[in-house]
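Quick notes on the structure that follows.
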There are 2 protein chains.
Amino acid sequence: MSRGTLFGVGLGPGAPDLMSVRADRLVRSAAHVAYFRKAGRHGQARRIVEGMLAAGAQEHPMEYPVTTEIPLSDPRYNDMLAAFYADCTAHLRTLLDRGEDVIVLCEGDPFFYGSFMHLHSRLHGVVPVEVVPGITGMSGAWTATAQPITWGDDVLTVLMATLPEEMLREKIAATDALVVMKIGRNLPKLRRALQSAGRLQDAWLVEHAQMPEQTVQRLSDAGEVVPYFAIVLIHGRGRRP
Amino acid sequence: MSRGTLFGVGLGPGAPDLMSVRADRLVRSAAHVAYFRKAGRHGQARRIVEGMLAAGAQEHPMEYPVTTEIPLSDPRYNDMLAAFYADCTAHLRTLLDRGEDVIVLCEGDPFFYGSFMHLHSRLHGVVPVEVVPGITGMSGAWTATAQPITWGDDVLTVLMATLPEEMLREKIAATDALVVMKIGRNLPKLRRALQSAGRLQDAWLVEHAQMPEQTVQRLSDAGEVVPYFAIVLIHGRGRRP
């Protein structure tokens, strides 16, 4: 019996009709649907496909044992996550080895800062894997600002706000256009880095891009508490040679 | 009579089923379809929607007066393009002022290094404008390599190969993950910059991502002639704090 295929399916930034036609077809016809979520939550990826799953589709939620409760620097963090991904992989393999196809729901694009790669790295070369790219959360965010992020020869830099402050400052000072992800509790550090790079006044904050609760504001007007998945961006101005 | 809406519709990287469900609906129902193309060519954006347009849809090709025949540094280049975009805007305005909606077909994402922004900057605030984000060409390219482009706290830098060699070298040396666009005749310069940054062996070349003629190879194995719309990339390795 031949093995099933593991599909990593990009769902886009949040609006169901911003998933690709290919993703839409895969989601509606899937017999096995897997997705990551925080324990006790519905899960954002699952929420995007609400009302789309076929009758009888089996769901396989994969619940993170930790997310932000333990510092990244704690060795237990790595150990717990490695054991978690090994468990998820073993569970999906029982389905795949039976010849069942499994789709993994991925917010945004599966290969762009996604959790899917932890399954991909363990199953690539072991079972057939197909990845369906998606509209990234950052595309959703800059579209929400109604201004182009880059044109001409602009340099775009994508940073995680989890990086050290001095590294953030250096990269922000050296780029034309900027996207920063993983904001949440890193916001005060990011604000200081933007300020010392002289770019705070150019920065926009987008929360819940392409979802009903979407908000867009200048970062200088924003409060202190923002979601982890908020996006901060600075538009390029069209560098010319 | 109310004005029509200008839609900038992202088509994604090339495969028709990688456009969003929203873009698919707009393309199939549009009465007026505009797109840029090089004179004498069918046009890549138009090619993606082949067979999808409604019977009776009116097409409005907008043919670039120059692309790469005149150096960017020649003042005539700017003048000719400015007059061209003014003409395109005037033509679309006659339709929009009559109350007709117009969709502009955009490869990739309209706000990410696209020509749509030259219409957007002239019509934003004048007529209603709606932008539908799309899967970028770079997402199509890294998906084609079957490896994640970024994970963990990787820094991603997006560069145009039209930039000066020394600037390319500096940016390439300082980033984890890399995407380079606008390759074409800039390939020898880009190769030298990658070599002097010590990253040539990590670089991949993707041509015609997500199209039937897609190719993926190590840049070090590639020839001297590549299309302008080829993409060079280096995968991140998952930076940790």
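The values are calculated or read from the model by the stated rules, or taken from the named source; none is laboratory data. Just so you know, these numbers come straight off a predicted model, no measurement behind them. Quick reminder, even Gly has a Cβ in these numbers, built from the backbone with ideal geometry, and neighbours come from all protein chains shown.
Mind checking which pairs have a first residue in segment B:73-101 that is on the phi > 0 side of the Ramachandran plot and a second that is hydroxyl-bearing (Ser, Thr, Tyr) and modelled with pLDDT under 90, Cβ under 9 Å, 6 or more apart or different chains? What qualifies is B:GLY99/B:SER2. Can you spot a residue in segment A:175-184 that is loosely packed, with under 14 Cβ neighbours inside 10 Å and either out of contact with any Cys (no Cβ under 7 Å at 6 or more places or on another chain) or over 15 Å from B:THR175 (Cα atoms) (or both)? No - not one qualifying residue is present in segment A:175-184. Put simply, of A:THR175, A:THR150, A:THR157 the only residue that is in contact (Cβ under 8 Å) with a residue 60 or more places away in the chain and touching a strand residue (DSSP E or B) at 6+ places or on another chain (Cβ under 6 Å) is A:THR150.
Please find, within segment B:212-241, the residue that is nearest to B:ILE183 (Cα to Cα) out of those that are charged (D, E, K, R) and free of Cβ contacts under 8 Å to residues at least 60 places away in the same chain. Selected residue: B:GLU224.
Mind checking which residues of segment B:194-211 are touching a strand residue (DSSP E or B) at 6+ places or on another chain (Cβ under 9 Å), in a helix (DSSP H, G or I) and surrounded by 15 or more Cβ atoms within 10 Å (Cβ to Cβ)?
Hits for segment B:194-211 are B:LEU194, B:ASP202.
Is at least one residue of segment B:212-221 within 14 Å of another protein chain (Cβ to nearest Cβ), among the charged types (D, E, K, R) and in a loop (DSSP other than H, G, I, E, B)? Among the residues of segment B:212-221, not one is within 14 Å of another protein chain (Cβ to nearest Cβ), among the charged types (D, E, K, R) and in a loop (DSSP other than H, G, I, E, B), which makes the answer no. For segment A:71-79, state whether one or more residues are within 14 Å of chain B (Cβ to nearest Cβ), modelled with pLDDT under 95 and surrounded by 15 or more Cβ atoms within 10 Å (Cβ to Cβ). Yes, segment A:71-79 contains a residue that is within 14 Å of chain B (Cβ to nearest Cβ), modelled with pLDDT under 95 and surrounded by 15 or more Cβ atoms within 10 Å (Cβ to Cβ). Restricting attention to segment B:214-228, and to residues there that are exposed (fewer than 13 other Cβ atoms within 10 Å of the Cβ) and over 23 Å from B:ALA15 (Cβ atoms), which single residue is nearest to the chain's Cα centre (by Cα)? Top of the filtered list is B:VAL225. The single condition from (1) within 14 Å of chain A (Cβ to nearest Cβ); (2) over 24 Å from B:THR136 (Cα atoms); (3) in a loop (DSSP other than H, G, I, E, B) that B:PRO110 fails is (2).
Could you check segment B:193-213 and list, in sequence order, the residues that are among the hydrophobic types (A, V, I, L, M, F, W, C), closer than 30 Å to B:GLY12 by Cβ and over 16 Å from the mean Cα position of the chain (by Cα)?
Those that are among the hydrophobic types (A, V, I, L, M, F, W, C), closer than 30 Å to B:GLY12 by Cβ and over 16 Å from the mean Cα position of the chain (by Cα): B:ALA193, B:LEU194, B:LEU200, B:ALA203, B:TRP204, B:LEU205.
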